[in-house]
1. Could you tell me which of 252, 298, 218 has its Cα farthest along the dipole of segment 210-335 towards the positive end, charges placed at Cβ (Lys, Arg +1; Asp, Glu -1), taken about the Cα centre?
2. Tell me the net charge near residue 211. Cut-off is 12 Å between Cβ atoms, residue 211 excluded, with +1 for each Lys or Arg and -1 for each Asp or Glu.
3. In the chain, what is the count of Lys pairs whose alpha carbons are under 18 Å apart, counting only pairs at least 8 residues apart or on separate chains?
4. Assuming R0 = 60 Å, can you tell me the calculated FRET efficiency for the pair residue 418 and residue 270, based on Cβ-Cβ distance, to the nearest 0.05?
5. Measure nothing fancy, just the Cα-based angle from helix 228-238's long axis to the longest principal axis of the chain, in degrees from 0 to 90, nearest 10.
6. How high is the FRET efficiency from residue 458 to residue 340, r the C-beta distance, R0 30 Å, rounded to 0.05?
7. How much length would be gained if the chain were fully extended between residue 306 and residue 36, taking 0.36 nm per residue of separation minus their Cα-Cα distance, in nm to one decimal?
8. Using the Cα centre as the reference, give the magnitude of the dipole from point charges on the C-beta atoms of segment 31-292 (Lys, Arg: +1; Asp, Glu: -1; all else neutral), rounded to the nearest 20 debye.
Amino acid sequence: MSDEKNARHSRLTRAQAIAAKDLHEAQTGIERLFSRGTRPVIRWIKGDGLDDAVTRSAIGQATRLFGGRVDYCLCTQGIDGARARSILEWAAQPVEWWPVSANDNPSLAAFLQQAGCPPEKFGYWWKWFPERVRPDGPEWILDGDMVVTAAPPWFTAWAAGHDGVRVSQDDKQGPNIYGAYARLVDPSLKLYSGLVSLPPRCRYMPQMSQVLKRWPLAFGHDGRRDMCEQGVVAAAFQALWATPIPLHEFPFGRAFQPHLDFGLAGDQGHGWGYHFGNAFRRDNPHYERLVAEGVVFSKGSGDVLERHHWLGGTGAWGVPGWTMPDGMARTILSRALAFTDRAVLELGTSRGRLTAMLAEQGCRVTTVDHVDRGAATNLSGLPVEVVVADVVEYLQRSPRSFDLIICDLHGNSPAEWARFAGPLTMRLAPGGMLLASNATLHEIPGWHEETGVQAFAAQLPSDWAVELDRSEVPGLAIVRKPL
């Protein structure tokens, strides 16, 4: 049933129906909202190494290459919020940031801990936490030092969920890369765990668990140093009949080797990515050369909106997290400059895009939304208070006043604005400013009932100043409270 039919059936406006559905979905299940759905996803794992620049390029390049055809996820371990935001600042599409822990794959964590390997020594194994970031969609799992520069021939089939399991190959390495598990690995496949491509609903932990149950890791295992992870992964994925991705398609650019390694076949002229090995521990000259040649993306304008594209609310987050247009965001940020180091209230956090930019400008931001779409994590380390609560309830119970209030809510009917108009004006300090988005939303087909912002402005006392900015859809009301 469409949103409009749902609205008519339930006597809700279209916006109210969408918000009710969003709240219901957020309150059912314990997994991340990002993990739901069937859209294809590309994910990287990044640890506390020296390859931040490579991962930044990888995400910047992939988000431009594939655009909105896929979703993106950065899994990290041992990286704080400021560093993660820096790595993600070249993304041209929304990206989910997922700091991983042992709880993200309890069965694998149990095998490691039984071998006397605590989380601080999981090392290479962190790549498999969680097993899948989106179980029902196609998924790529890459190391943080892998950069995709073109779509492989099978990309369309993979994105449609019609491809099989694929795993990268290194046909020049011997069995030593598999540690104590070399005897379990088919030597003809030469699999290594750099890039794994999975179809929807494909699980590999049953196969990995079978290997680790029959041949447990030696006690004292250290995943930062021991190579057994490669052997276990190769044995597990060969049981899934994985197709090797030839090294000449995704060559190694190891920091300690003078030339790119295209494997036994040599350069065939149709590579679609590079694995910049050892960039985790040292500068990688292959990465630097390919950046200089323009093969690998390495460009950031420093523009505040560009640096926060990764916090957009499109794609996996759908209509409820719809990203504010850039033009309107610039207008709000420009007006917020007058409120540096003053109390700012944001109503409608979404993933925290505007929140982060306001905080970087020096505003002391409190942000409120009825659902946490990852904002508490995304904004970690910034001087921001993230509140998960109903907006009206928060306004009614809060004793604070704010010099600037920014309102970007999903429901903007006159009835809804009548509910929070009083509490909202009470929270606005004398001389303060209210910036209300969606002021002209009702002019867009399908949203004719959303006239609440203008109804609110019309009932304000005569000494309140009201300005309507139509320069960006869906319009912005600028309201000033008298001193």
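1. 218
2. Numbers: positive: 183, 213, 214; negative: 229.
With Lys, Arg at +1 and Asp, Glu at -1, the neighbours total +2.
3. Working: 5/21; 46/121; 46/127; 172/190.
Value for the chain: 4.
4. Efficiency, from the Cβ-Cβ distance: 0.45.
5. For 228-238 against the chain, the angle is about 90 degrees.
6. Values: r = 32 Å, r/R0 = 1.05.
Plugging the Cβ-Cβ distance into 1/(1 + (r/R0)^6) gives 0.45.
7. On the way: separation 270, 0.36 × 270 = 97.20 nm, distance 2.66 nm.
Gain in length upon complete extension: 94.5 nm.
8. Details: 28 positive and 27 negative charges, 77 e Å.
Around 360 debye, computed over segment 31-292.
Readers should treat all values here as calculations from the given coordinates under stated rules, not as data from a laboratory. These numbers come from a predicted model, not from an experiment. Neighbour counts run over all protein chains shown; Cβ positions are idealised from the backbone, glycine included.
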